[in-house]
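Presented below is the structure to which this report refers.
The values are calculated or read from the model by the stated rules, or taken from the named source; none is laboratory data. This is a predicted model, so every value here is computed, not measured. Cβ atoms come from the backbone with ideal geometry, glycine included; neighbour counts cover every protein chain shown.
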Amino acid sequence: MKDTVYEPIKLDGPAGKSITRRSGREKVTGKATFSAEWPMDGLLYATPVVSQISRGRIIRIDSSLAEALPGVYKVLTPENLPSFTRLPASGEGNFSSIVASKVYPVAERDIYYAGQYIAAVIADSFETARDAALLVQVEYESMPSETNIRRAEGSEQPGSVSGAPPTVDEQNAEQVLSAAAVQVDQEYFTEGNYHNPLEPHATIAHWTIKGGKPYLLVYDSSQSLALARQTYAQLFNLDASQIRVVCQYMGGAFGSKGLMWPHSILAVLCSKAVNRPVKLVVSRNQLYGGTGYRTPLIQRVALGASQDGLIEAIIHAGSASTSEVDQYTESFTLVTRMMYQRKALKLEQFQCRLNTQVPTFMRAPAEAGGVFALETAIDELAVKLEVDPVALRIKNEPVKDLFSSKPFSSRHLTTALQEGAKAFGWHRRRKTPRELRDGSWLVGFGVSAATYPSLGFPTQVTLRIGSDGTAKILCCSQEMGTGTATVQAQLLADLLGIPQGRVQMKLGDTDLPAGGISGGSATTGSVGGAVRQAYDKLKERLFELLASDSKLRKVPIDQVQFIDGALVYKNEMARFEDILMDANRDFIDVDGSFSPSFQTSTSNHSFGSQFVEVGVDEDLGLIRVRRMLGCFACGTILNARTARSQFLGGMIMGVGQALQESIRWDHRLGRITNDDFAEYHVPVNADIPEIDVLWIDNPDFNATPIGAKGIGEIGITGVAAAIGNAVYNATGKRLRTLPMTPKEFLSS
């Protein structure tokens with residue numbers, strides 16, 4: 001697809017203002033209907049039966065006790081499962097499918113991981129289904145399994161890493177490293193993480209007949225409604241018009257609802273088996289091992305530099321996990337391609353096959369782990385060079401993306417570092433560790449760069465302009481809680497010159513024009529790009545409807561402006577509602593679309609800086625974050641309130657990754673031992689300090705038609721590195737393993 005350069009637009013009305021999310025009131029008053037809450041006549045409930053072993057084979061399933069329980073309608077096993085078409089998993093060549101794994105629910109006799117869906121109970125209540133599931137007896141042939149990435153570290157390489165070969169070696173980086181005056185060469189390890197959205201994954205499925213053909217209605221907590229419909233169509237040999245998928249509200253996802261997990265397919269199969277609507281809500285325990293996770297990483301980062309601090313060689317290599325049968329690849333070396341100048345670069349990725357469910361996207365999937373290793377190594381290099389780590393990063397700013405040889409669409413990392421340092425009070429940082437104390441606490445400052453690519457997904461919208469002076473945006477995008485409907489209403493109101501209260505957005509339904517995936521920090525730019533194209537076409541459409549005696553007809557269309565809900569040229573104007581009423585129209589629809597180019601002439605990324613102050617009690621090994629500040633350059637900010645919330649959310653999640661969150665395994669049994677909120681620790685209010693968020697106003701029309709770049713994921717990147725670097729500045733101890741627990745500190 002040919003690259004597009006977008007004409008700048010001026011946004012000086014509602015766009016950018018701090019406006020409360022429109023969905024907020026519905027959520028806090030209980031009026032918002034989530035996917036598990038839709039009322040359905042004759043609704044039944046399904047509960048999966050999961051494997052108790054991590055590798056082996058099913059010998060026998062006895063469901064007689066479960067079937068005898070009053071209220072049980074059916075028990076699905078591999079013997080009586082309704083038919084469907086097996087599809088390749090997402091990323092294996094079928095890009096119209098979002099099936100997460102080729103291990104299908106209740107369809108396999110081979111066991112690949114503990115928690116695999118091997119049967120399902122359908123009953124008249126959730127309680128009955130749950131109780132009956134415990135009565136299903138399964139006989140296994142157990143086989144040796146592996147869930148420890150350190151033991152499984154092997155030589156298998158993925159087919160590609162974000163479009164590049166798994167091994168890249170420019171200018172013999174190992175040789176350049178060995179000749180460098182100053183060297184850093186270390187291993188970094190990050191534990192796996194779970195998403196833990198507040199709203200558990202849930203699906204209601206209902207098969208009916210419409211127009212003499214099968215018709216499937218699905219209420220699904222999904223980040224990918226349009227692709228979910230395409231996937232269901234392929235699974236069950238239906239036309240897309242025979243399927244409707246709805247998700248009007250979502251209670252968090254962080255990437256875990258981007259693909260189609262076994263519970264969604266199973267709910268549809270259960271409904272097909274009993275010819276009734278069926279609800280399947282994944283229990284909190286089953287979310288651990290049932291809906292993907294962030295892979296653990298073993299990484300080597302080596303840096304070679306001259307004595308004056310210019311980086312000469314960068315080597316970034318390591319291993320991530322994937323499942324026994326799937327191909328998911330965590331591109332943790334992606335950020336290293338373009339982050340700093342260098343003479344030589346080597347990237348190398350391997351994957352370890354474990355007996356776990358397949359990993360998946362989790363907020364900044366490549367960057368959260370990759371940036372931790374790279375930015376910790378940069379700090380270690382600064383220590384060896386005895387230079388300020390902010391200055392070292394600025395000194396090694398590249399003039400272009402050295403991997404792709406493209407100029408950056410915009411970068412502003414130097415500005416983010418400088419302005420962040422000034423606002424944070426970086427000048428108070430002690431150069432030598434252990435010099436700053438607050439009572440029994442050693443205090444230190446840390447910094448990291450932050451980055452995330454600017455992505456986009458194909459999106460379609462319809463703008464509906466009414467004779468009552470209102471406007472609607474129709475799009476099958478998803479509302480994940482980030483304020484999509486609010487932000488897009490602000491954008492269109494600004495473009496049309498009308499109050500934002502007169503613009504509504506309808507979304508979350510595949511009966512609407514197809515939206516893209518709500519992931520990759522791409523929703524605002526993708527939907528906004530389609531809104532802008534429709535807006536550009538709206539002027540022509542309204543011109544066609546102008547009264548024959550309108551003086552505006554004689555004016556070149558490119559000289560007519562939208563002002564205050566009207567077409568305006570000098571003293572001549574025609575309001576939208578007047579144009580429609582004169583034309584006897586209640587409304588007009590104008591379609592728009594956004595189709596991102598994957599062959600861009602620029603390298604498009606958001607950038608930022610993270611600054612952290614920590615206190616460390618070295619006797620107890622306690623690490624407390626005392627202050628945080630993030631400064632970001634993400635293009636146009638369309639809503640100051642929702643943008644700040646996204647940055648804050650990412651930074652808070654980064655604290656969890658750095659200090660608390662990890663999947664704990666019993667590797668003998670291949671089972672997760674901390675599969676609930678009591679044992680899987682996430683930050684609470686007491687863990688989170690004062691956080692400041694700044695951003696640089698830099699519209700980037702090389703990246704998107706509205707000048708905006710992604711903000712949802714950059715907030716987590718660099719936080720863990722900044723915390724670890726601050727711990728070193730406080731104590732002189734370098735922690736290279738996440739999470740940085742008291743045990744990790746005391747044993748370092």
Q: Determine whether the stretch 64-87 contains at least one residue that is closer than 19 Å to ALA133 by Cβ, buried (at least 17 other Cβ atoms within 10 Å of the Cβ), out of contact with any Ser or Thr (no Cβ under 7 Å at 6 or more places or on another chain) and aromatic (Phe, Trp, Tyr).
A: yes
Q. Based on what the data block shows, is ALA640 over 24 Å from SER747 (Cα atoms) and either surrounded by fewer than 18 Cβ atoms within 10 Å (Cβ to Cβ) or modelled with pLDDT under 95 (or both)?
A. yes
Q.
Taking the criterion of being farther than 30 Å from SER410 by Cβ and either without any contact (Cβ under 8 Å) to a residue 12 or more places away in the chain or aromatic (Phe, Trp, Tyr) (or both), would at least one residue in the stretch 721-742 satisfy it?
A. yes
**Q.** Test: ALA129 is in a loop (DSSP other than H, G, I, E, B), of a type outside the set (D, E, K, R) and closer than 16 Å to VAL282 by Cα
**A.** no
Q | Members of the stretch 458-479 found to be surrounded by fewer than 23 Cβ atoms within 10 Å (Cβ to Cβ), outside any strand (DSSP E or B) and either under 26 Å from the mean Cα position of the chain (by Cα) or at negative phi (or both), listed by number | A | PRO458, SER467, ASP468, THR470, GLU479
**Q.** Residue satisfying condition, being more than 19 Å from LEU413 (Cβ to Cβ) and either free of Cβ contacts under 8 Å to residues at least 40 places away in the same chain or surrounded by 23 or more Cβ atoms within 10 Å (Cβ to Cβ) (or both), within set ALA658, ALA633
**A.** ALA658
Q. Going through the stretch 331-353 one residue at a time, which ones are touching a Ser or Thr at 6+ places or on another chain (Cβ under 8 Å) and among the polar types (S, T, N, Q)?
A. SER331, GLN349, GLN351
Q. Name the residues in the stretch 561-601 that are closer than 16 Å to TYR535 by Cα, free of Cβ contacts under 8 Å to residues at least 60 places away in the same chain and in contact with a helix residue (DSSP H, G or I) (Cβ under 8 Å, 6 or more places away or on another chain), would you?
A. LEU567
Q. Say we look at the stretch 32-63 and pick out the residues that are of a type in the set (Asp, Glu) and under 37 Å from the mean Cα position of the chain (by Cα); which of these is farthest from LEU134 (Cα to Cα)?
A. ASP41
Q: Answer with yes or no whether ILE53 is over 21 Å from ASP220 (Cα atoms), touching a residue at least 60 places away in the same chain (Cβ under 8 Å) and not in a loop (DSSP other than H, G, I, E, B).
A: no
Q: Consider only pairs whose beta carbons are under 6 Å apart and that are at least six residues apart or on different chains; among these, list those whose first residue lies in the stretch 13-41 and is under 24 Å from ASP220 (Cβ atoms) and touching a residue at least 40 places away in the same chain (Cβ under 8 Å) and whose second residue is buried (at least 18 other Cβ atoms within 10 Å of the Cβ) and hydroxyl-bearing (Ser, Thr, Tyr).
A: ARG21/THR486; ARG22/THR486; ALA32/TYR249; PHE34/TYR249; SER35/TYR219; SER35/SER221; TRP38/TYR219
Q) What residue, of ALA377, ALA317, ALA366, is hydrophobic (A, V, I, L, M, F, W, C), surrounded by 24 or more Cβ atoms within 10 Å (Cβ to Cβ) and touching a residue at least 24 places away in the same chain (Cβ under 8 Å)? A) ALA377
Q: Tell me which residues, restricted to the stretch 588-626, are over 30 Å from SER467 (Cα atoms), surrounded by fewer than 23 Cβ atoms within 10 Å (Cβ to Cβ) and β-branched (Val, Ile, Thr).
A: THR600, THR602
**Q.** Scope the stretch 652-698; condition closer than 22 Å to GLY369 by Cα and of a type in the set (Lys, Arg); matching residues
**A.** ARG664
Q) Can you tell me which of ILE691, ILE696 is within 30 Å of VAL387 (Cα to Cα), touching a Phe, Trp or Tyr at 6+ places or on another chain (Cβ under 8 Å), surrounded by fewer than 24 Cβ atoms within 10 Å (Cβ to Cβ) and aliphatic (A, V, I, L, M)? A) ILE696
Q. Checking ALA89 against (1) of a type outside the set (D, E, K, R); (2) under 30 Å from ASP666 (Cβ atoms); (3) modelled with pLDDT of 95 or more, which test does it fail?
A. (3)
Q.
Cβ-Cβ distance below 7 Å, separation of 6 or more or different chains: which pairs start in the stretch 298-309 with a residue that is of a type in the set (Ser, Thr, Tyr) and end on one that is crowded, with 20+ Cβ neighbours inside 10 Å and in a strand (DSSP E or B)?
A. SER306/GLU312
**Q.** Unmet criterion (only one of (1) in contact with a helix residue (DSSP H, G or I) (Cβ under 9 Å, 6 or more places away or on another chain); (2) assigned to a strand (DSSP E or B)) for GLN488
**A.** (2)
Q: Residues being over 30 Å from SER405 (Cβ atoms), among the small types (Gly, Ala, Ser) and either in contact with a His (Cβ under 9 Å, 6 or more places away or on another chain) or part of a loop (DSSP other than H, G, I, E, B) (or both): count how many of those fall in the stretch 601-641.
A: 1
Q. So is GLY712 in a loop (DSSP other than H, G, I, E, B) and either without any contact (Cβ under 8 Å) to a residue 24 or more places away in the chain or among the small types (Gly, Ala, Ser) (or both) or not?
A. yes
Q) Of the residues GLU199, GLU174, GLU146, GLU156, which is assigned to a loop (DSSP other than H, G, I, E, B), surrounded by 13 or more Cβ atoms within 10 Å (Cβ to Cβ) and more than 23 Å from the chain's Cα centre (by Cα)? A) GLU146
(Q) Exactly one condition in (1) touching a helix residue (DSSP H, G or I) at 6+ places or on another chain (Cβ under 8 Å); (2) more than 30 Å from ARG664 (Cβ to Cβ) is false for GLN186; which is it? (A) (2)
**Q.** Residue list for the stretch 662-680, restricted to those being of a type outside the set (D, E, K, R) and within 23 Å of ARG55 (Cα to Cα)
**A.** SER662, ILE663, TRP665, HIS667, LEU669, GLY670, ILE672, THR673, ASN674
Q) Can you pull out the residues in the stretch 514-529 that are in a loop (DSSP other than H, G, I, E, B) and in contact with a Cys (Cβ under 8 Å, 6 or more places away or on another chain)? A) GLY515
Q) How many of the residues making up the stretch 491-513 are within 27 Å of the chain's Cα centre (by Cα), within 16 Å of GLY592 (Cα to Cα) and not in a loop (DSSP other than H, G, I, E, B)? A) 4
Q | Verdict on TYR113 being crowded, with 16+ Cβ neighbours inside 10 Å, out of contact with any strand residue (DSSP E or B) (no Cβ under 8 Å at 6 or more places or on another chain) and within 20 Å of SER283 (Cα to Cα) | A | no
**Q.** Residue under evaluation TYR112, criteria (1) within 28 Å of the chain's Cα centre (by Cα); (2) more than 30 Å from HIS667 (Cβ to Cβ), criterion not met
**A.** (2)
